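Scroll down for the structure; my scribbles are underneath it.
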Amino acid sequence: MIDTMQRLESGRAAYTNGRLLLPDREVWGTLIVENGRIADIGEGLFRGGVDVGGAICMPGLVELHTDNIETVLAPRPGVRWPLELAAHYHDRSIIAAGITTVCDAIALGDTLPGSSRLEYYAPIIEVIARGAAAGRYASDHRIHLRCELVYDELVEVVARFIDEPLVVLLSVMDHTPGQRQFADLDKFEQYYGGRYGLDRAGIARVMEDRLRAQERHAASNRDRVVAMARERSIPLATHDDALPEHIAEAVREGAAIAEFPTTAQAARAARESGLHVLMGAPNVVLGGSQSGNVSALALAASGLVDIFSSDYVPQSLLQVPFALAAATRAPLYETVRSVTSTPARAIGLTDRGTLEIGKRADLLFVDVDRDQPRICGVVSAGVRVA
């Protein structure tokens, strides 16, 4: 365990006596950091360095889709936390989970009129951009625009924010009942009844409104926001695909990522079409999908998952590579790619995600206690932050 932040002369730091998860192997040795980058890697001990006590040293986690800031902003029904404080608390929970690069997934549109998402998307984007520019955050924050296709004002909202420099990913989604995530209408009723306290009549009204909005807006909104992303070379993701036809549509649009496919059939079609398949870490931790969809661990065991996302539980992301290694007997240096280098590359961040000389020094130090990983140190761009 790292107890102190010791530094060498000239602004350098050495971390020694660690299990280093390199891109193609694990070695016991030392990693040296200088000016926010990995300056050297070697086997054996380094006298005067920080002794990490045999902890695993791995790259910082890269998160492509989390709406954790919404949870912090609204910790209880009817409660709205001050936005600047919510952003700060969100950043601290993200970095404590070992996520050193995070795409904050901002929902543009929602299923219910008057939703807080419709009120807060603009100030959330603005506060994240302001905080990142001021260097307030421990994690490196980027923005993922989640485009709800039935939202009548979607095109105008996307046009307002798509040129924000932090935007690195855009996804298109349609949560209309009867298809994709909610092909099972009982699951739709269970989710919205529990989340919003709606009775059966209220849920029926939501379903009716949703179907009407889909008919009016979904196709034209999809065409226009996809075009905006392609014009700017912003990576595009499709969401909750259930059928090969959904994947085929995404491929025609130039999508790079299939987020949370709901069936093995869709995941296989995505993989065969060259898309990165992204699944949720909570699905792995809980042993299945909250919506009754396909098991992420089963897909991963079949080689059909490239990337994992913490979605609504930041702490779940670190669990994934260890769970995968236990389930598949693959080496840990391979399973960590799904939460480090592969998501980084998927959004064009080639300067991080691996322990290699010259890469950004985003590091996690992890102990394993009773088969559970426990973070004991986080370094972001060379600076100890947790």
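When Rg and the Kirkwood radius Rh are both evaluated on Cα atoms of the range 287-366, their ratio Rg/Rh stands at 0.98.
Annotation note: trypsin sites (Lys or Arg not before Pro) in the range 41-116 located in DSSP loop regions with a Cβ neighbour count of at most 15 within 10 Å are ARG47, ARG80. The mean sequence separation of alpha-carbon pairs under 8 Å and at least six residues apart, normalised by the residue count of the chain, gives a relative contact order of 20 percent. The range 203-310 gives an Rg/Rh value of 1.01, both radii derived from C-alpha positions and Rh following Kirkwood. Which residues does a label at TRP81 reach in the range 137-152, if reach means a backbone N under 17 Å from a point 7 Å past the Cα toward the Cβ? Once the point is set 7 Å along Cα→Cβ of TRP81, 137-139 turn out to lie under 17 Å by backbone N, inside the range 137-152.
Working from the Cα coordinates of the range 18-169, the gyration tensor eigenvalues give, after taking √(5λ), semi-axes of 38, 16, 14 Å in decreasing order.
Computed from label points 7 Å out along Cα-Cβ, the spacing between ARG160 and ALA301 is 4.7 nm. Placing unit charges on the Cβ atoms only, positive for Lys and Arg and negative for Asp and Glu, gives the chain a dipole magnitude near 500 debye about its Cα centre. Rounded to the nearest 500, the helix-only mean residue ellipticity at 222 nm of the chain stands at -10000 deg cm²/dmol, with each DSSP H run of n ≥ 4 adding -39,500 (n - 2.57).
A simple spin-label model places pseudo-atoms 7 Å from Cα toward Cβ; at ASP209 and GLU249 they are separated by 2.3 nm. Of the beta bridges in the chain, as assigned by DSSP with both residues counted there, near 45 percent are antiparallel.
Considering every alpha-carbon pair of the chain, the percent of pairs per 20 Å bin, from zero through the bin containing the longest distance, is 28, 57, 14, 0. Calculated FRET efficiency, ALA326 to GLU272, Cβ-Cβ distance, R0 = 30 Å: about 0.65 to the nearest 0.05. Taking label points 7 Å from Cα along the Cα-to-Cβ direction, ASP152 and ARG130 give a separation of 3.0 nm. Per-residue Cβ neighbour counts within 10 Å put PHE365, PHE161 in the sequence PHE161, PHE365, beginning with the fewest.
Each reported figure results from applying straightforward, stated rules to the coordinates on display, with no laboratory input. Here the structure is a predicted model, which means the values were calculated and not measured. Backbone-built Cβ (ideal geometry, glycine too); neighbour counts: all protein chains shown.
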